[in-house]
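What follows draws every value from the coordinates through simple rules; no lab data is involved. Since the structure is predicted, the reported quantities are computational estimates derived from the model, not experimental observations. Positions of Cβ are generated from backbone atoms using ideal geometry, with glycine treated the same way; all protein chains shown enter the neighbour counts.
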């Protein structure tokens with residue numbers, strides 16, 4: 001991968017990770033006002049991630065197996081670290097076990113994995 005592509009992938013990973021974290025947090029909270037804010041954050045971050053994904057060529061095909069594994073690993077680590085941080089700050093009912101399923105769902109939606 002060239003340097004520009006790596007930069008776009010890093011930006012994609014940051015935004016898709018944020019969307020995934022907020023989706024998991026949204027499921028963990030019962031307060032409707034906070035859920036609405038989480039939902040807005042999911043939509044915003046996911047739209048930005050899709051924008052970066054569309055700049056990574058070819059946008060219509062999944063990445064190579066090696067790149068898929070690398071991107072998924074980075075997203076998983078970023079999401080788990082953020083969720084652990086939230087738990088340490090007192091957040092409750094966070095289902096860390098749903099992380100991989102949610103990551104796969106978002107990576108499929110953006111055509112990173114098949």
Contour minus Cα-Cα span, residue 95 to residue 31, at 0.36 nm per residue, comes to 21.4 nm
Pseudo-spin-label distance residue 55 to residue 7, built 7 Å along Cα→Cβ, given in nm, is 0.8
Helix 65-88: inclination vs the chain longest Cα principal axis, degrees, rounded to 10, gives 20
Per the helix-only model, the chain has a calculated mean residue ellipticity at 222 nm (DSSP H runs of ≥4, -39500 (n - 2.57) each, divided over all residues, rounded to the nearest 500) of -26000 deg cm²/dmol
Helix 3-28: inclination vs the chain longest Cα principal axis, degrees, rounded to 10, gives 20
Proxy exposure order for 89, 53, 108 (fewest C-beta within 10 Å first) is 89, 108, 53
All alpha-carbon distances of the chain, grouped into 5 Å bins from 0, give the whole-percent distribution 2, 12, 22, 25, 18, 10, 7, 3, 1
Listed residues 42, 56, 31; largest mean-square fluctuation, Gaussian network over the chain with Cα springs below 10 Å, found at 31
The alpha-carbon center of the stretch 68-114 and that of the stretch 1-38 are separated, in whole Å, by 9
Most fluctuating of 82, 101, 23 in the GNM of the chain (C-alpha, under 10 Å) is 101
Longest principal axis of the chain (C-alpha) makes with the long axis of helix 99-109 (C-alpha) an angle, in degrees to the nearest 10, of 50
